[in-house]
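I have placed the structure first, in the form of structure tokens, so that the comments after it can refer back to it.
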Amino acid sequence: ISICFTLPRMNSDRIPVSRARTPNILLTAATATGIPKYQPTQRGKLEGILGYVRERHGSDWRVQLDLGGFVRQRLRDFHGWECDGIIAYINTPSTRRQFISARLPTVLIEPFLSPHSPIRTHPRIVTFVNDHAREGRTAAEHFLSLHFRSFAFVGTAEITPWSRLRLHGFRERLRESGMTCRAYPNLPEEERADFALEMTRLVKWLKTLPRPTALFAAHDIRARQVLTAADAAGIDVPSHVAVLGVDDDELICETSSPALSSIPTHDRSLGYACGRALDELFKGHPGNKAIRTAHTHVVCRASTDTNAVEDPFVARALIWVRKNLSSGASVEAIAKGISYSKRLLQMRTRNALGTTLGAEVRRIMVDTAAEMLLATDKPITDIAAECGFTSVSHLSLRFRELYGQTPLSFRKSRAH
């Protein structure tokens, strides 16, 4: 697929020269038939890249889209094409060396990274690295905010580095809070193709989990399989097991039963950032940069719409708070909303959580505002109103107390 878009012609030293022709951009990504589980996220990256090109350059770049790039990525196939710049999704060190050897302005997207190894850099290259361990930490922080004390993880059927990294981050964050995590064991290779056997084993394993348990799945498809197995096992979601996935694929999440909560991987914004990075290389800006992408919020749906507080009245109160933030969740309104004594509710909250009901409500308000700052482009005034704050200054005051910065600086610091 070729999409015509022109930028000043570049020489090998990345110095703009007069335009002799429309520059050619090689774009490789995993969207080909035969690798369906990668399609939604990879297509999101492509949409972001092409969105940047359309917005900034119109028809001034010509993009050669290699749909089979994830499988082969043979740069030599394009040597006769006079390539001027590259944006590529890579998954092996040899592929990375191949693109480095091209000596062209290049933006690479790497799918995984050992949490303890440095990010590799190169003068002509900008590298974006998906920080999967951070996604695991985000999942743990979400469940901890719901007061769970039992946790589980279901990874990919096959052993993959990015699934392991998500488990690593999940466990690491739980360990910091004195918690542990049960991990679903991988199937032997010869049994992975037997879907019926896989589901039978998953059903049995889910039945061994204490209730309630917070379960983090490596990606949305795996999380949906967990929902299917839970239904077969007679396990209620979310009251017995709360389930969270990764990627926020709306087709999967919205059609699951119940609707699936998920960590969005910002693939469109990542693609847009890649387009901007290549543009900067063309303009002569130095490469030699490596950027970790961090996914730090959860799109909450029914599969985690619960609270693991043991006291039933406190649990009901906190669920009511989350559903009625915009109306102003005062202690009086909460007690009235669940038809319970204000004084007794305050006493039970302190016994259950070790804090006051008012303090817990303020934490929920600020955390919800933080999620909206990252997940939406809404003005801060609208976010403040929807989260129950009387003004932006009220939100800023509470935000500084919890995050140590203003809402605007928080949003900017976490943008790609």
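The values are calculated or read from the model by the stated rules, or taken from the named source; none is laboratory data. Quick caveat, the model's predicted, so the values are computed rather than measured. All Cβ positions, even for glycine, are placed from backbone atoms using ideal geometry, and neighbour counts span all protein chains on display. Ligands, DNA and RNA are stripped out before the accessible areas are found, and what is left, the full protein with its side chains, is counted by its heavy atoms. Shrake-Rupley method; radii C 1.70, N 1.55, O 1.52, S 1.80 Å.
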Next item on the list: Give the calculated FRET efficiency between Met347 and Glu254 to the nearest 0.05, with a Förster radius of 45 Å applied to their Cβ-Cβ distance.
Entry: 0.65
Next item on the list: Would you mind computing Rg(Cα) / (2.2 N^0.38 Å) for the stretch 123-191, counting N as its residues?
Entry: 1.31
Checklist line | Quarter of Cα convex hull surface for the stretch 301-416, i.e. mean projection, nm² | finding: 7.6
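Taking R0 as 60 Å, what's the FRET efficiency between Lys323 and Ser101 from their Cβ-Cβ distance, rounded to 0.05?
Numbers: r = 56 Å, r/R0 = 0.94.
E(calc), rounded to 0.05, equals 0.60.
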Note to self: Under a crude label model (7 Å from the Cα following the beta-carbon direction), how far is Thr208 from Glu401 in nanometres?
What the structure shows: 4.4
Check: Between Arg363 and Ser239, what is the spin-label point distance in nm, taking each point 7 Å from the Cα along the Cα→C-beta axis?
Finding: 2.5
Next item on the list: Specify which residue in the list Leu281, Thr296, Asn307 is farthest towards the positive end of the charge dipole of the stretch 266-318, using unit charges on the beta carbon of Lys, Arg (+1) and Asp, Glu (-1), about the Cα centre.
Entry: Leu281
Note to self: Using 0.36 nm times the number of residues separating Asp194 and Glu386, minus their current alpha carbon distance, what extension gain do you get?
What the structure shows: 64.4 nm
Next item on the list: Please list the non-local residues whose amide H lies under 5 Å from the amide H of Ser150, H modeled 1.01 Å from N, same-chain partners needing a gap of 5 or more.
Entry: Ala214
Note to self: Not counting ligands, DNA or RNA, and with a 1.4 Å probe, what is Leu144's accessible surface area in Å² rounded to the nearest 10?
What the structure shows: 40
Item checked: Distance (nanometres) between label positions extended 7 Å along Cα→Cβ at Asp231 and Glu172 -> 3.6
Next item on the list: Under 16 Å Cα to Cα from Lys378, which lysines show up? Leave out anything in the same chain fewer than 8 places away.
Entry: Lys412
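Between Ser94 and Glu158, take the C-beta separation as r, use R0 = 25 Å, and let me know the FRET efficiency to the nearest 0.05. Intermediate values should be presented prior to the final figure.
Working: r = 21 Å, r/R0 = 0.83.
That gives a FRET efficiency of 0.75.
Tell me, what % of the accessible area of the stretch 159-278 is carbon and sulfur with a 1.4 angstrom probe? Intermediate results must be reported in sequence, preceding the final value.
Numbers: 2660 of 5290 Å².
The computed percentage sits at 50.
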